[in-house]
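Here's the structure, in structure tokens; my notes come after.
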Amino acid sequence: MFSKQEAQQLKKEFWTAFGKSFPRKWLLYDTKIKDLSFKFLADNKKAEVSLDIEMKDEIFRNAYYEKIWSLEDILKDFIGDFQKEEYFTLENGKIISRIWVEKHHVSVFNKNTWQETFEFFREKMDGFERFYYEYEDFIKDV
């Protein structure tokens with residue numbers, strides 16, 4: 001087990017190593033849609049790449065979710081199988097809509113799984129980005 005400080009250091013090393021392995025500017029928060037963003041997540045059990053729809057107004061959040069969900073089969077062509085949840089509860093209690101892919105049996109605390117995680121991040125985020133750029137005008141038209 002790691003101390004809190006050691007865990008923080010490993011996480012910092014993980015994200016630094018990812019940035020050096022794939023030095024490019026990711027879309028992430030630059031979707032031009034407020035509260036719609038792509039995210040990388042990693043913990044001690046898995047890695048995730050997600051599209052988070054975080055509008056406070058449930059009507060807008062649901063409208064964007066439905067727009068993206070209407071492209072389900074196309075999205076699957078870009079990223080493969082994925083999970084979705086229209087009412088996803090974050091640890092802080094906030095309700096968002098989330099579409100995500102995950103990879104199990106990798107850990108930010110196990111350097112032996114880092115490269116596998118980085119490749120997963122690159123492949124899935126690239127797919128999400130290509131999907132978004134291809135259908136951006138349709139998605140934005142809410």
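Residues in the stretch 27-43: is at least one closer than 15 Å to residue 131 by Cβ, among the hydroxyl-bearing types (Ser, Thr, Tyr) and in contact with a strand residue (DSSP E or B) (Cβ under 7 Å, 6 or more places away or on another chain)? Yes, the stretch 27-43 contains a residue that is closer than 15 Å to residue 131 by Cβ, among the hydroxyl-bearing types (Ser, Thr, Tyr) and in contact with a strand residue (DSSP E or B) (Cβ under 7 Å, 6 or more places away or on another chain).
Exactly one residue among 66, 91, 102 is assigned to a loop (DSSP other than H, G, I, E, B), surrounded by fewer than 19 Cβ atoms within 10 Å (Cβ to Cβ) and either out of contact with any His (no Cβ under 9 Å at 6 or more places or on another chain) or without any contact (Cβ under 8 Å) to a residue 24 or more places away in the chain (or both), and that residue is 91.
Restricting attention to the stretch 19-38, report how many residues are assigned to a helix (DSSP H, G or I) and within 16 Å of residue 99 (Cβ to Cβ). Final tally of qualifying residues: 0. What about residue 21, is it out of contact with any helix residue (DSSP H, G or I) (no Cβ under 6 Å at 6 or more places or on another chain) and small (Gly, Ala, Ser)? When the stated conditions are applied, residue 21 does not pass them.
Looking at 43, 81, 30, which one is surrounded by fewer than 13 Cβ atoms within 10 Å (Cβ to Cβ), closer than 21 Å to residue 108 by Cα and under 16 Å from the mean Cα position of the chain (by Cα)?
Working: 81 fails: closer than 21 Å to residue 108 by Cα; 30 fails: closer than 21 Å to residue 108 by Cα.
After ruling out the rest, the residue left standing is 43.
Does residue 35 satisfy the condition of being at positive phi and surrounded by 14 or more Cβ atoms within 10 Å (Cβ to Cβ)? Yes. Taken together, the criteria place residue 41 among residues that are modelled with pLDDT of 95 or more and in a strand (DSSP E or B).
Filtering the stretch 105-141 to residues that are surrounded by 14 or more Cβ atoms within 10 Å (Cβ to Cβ) and either of a type in the set (A, V, I, L, M) or assigned to a loop (DSSP other than H, G, I, E, B) (or both) leaves 106, 107, 108, 109, 110, 125, 139.
Does at least one position in the stretch 46-55 carry a residue that is closer than 21 Å to residue 105 by Cα, part of a loop (DSSP other than H, G, I, E, B) and in contact with a helix residue (DSSP H, G or I) (Cβ under 7 Å, 6 or more places away or on another chain)?
Filtering the stretch 46-55 for residues closer than 21 Å to residue 105 by Cα gives 46-50.
Narrowing the set further to residues that are part of a loop (DSSP other than H, G, I, E, B) leaves none.
No, the conditions are met nowhere in the stretch 46-55.
For the stretch 111-142, a residue qualifies if it is free of Cβ contacts under 8 Å to residues at least 40 places away in the same chain and either closer than 14 Å to residue 46 by Cβ or among the hydrophobic types (A, V, I, L, M, F, W, C) (or both), and the qualifying residues are 113, 116.
Return the pair list, or none, for Cβ contacts closer than 7 Å from residues in the stretch 1-18 that are in a helix (DSSP H, G or I) to residues that are of a type in the set (Val, Ile, Thr), at least 6 apart or on different chains. Listed pairs, sorted by first residue: 10/108; 11/108; 14/108.
The values are calculated or read from the model by the stated rules, or taken from the named source; none is laboratory data. On a predicted model such as this, the values are computed, not experimentally measured, just so you know. Please note: Cβ atoms are built from the backbone with ideal geometry, for glycine as well, and neighbour counts cover all protein chains shown.
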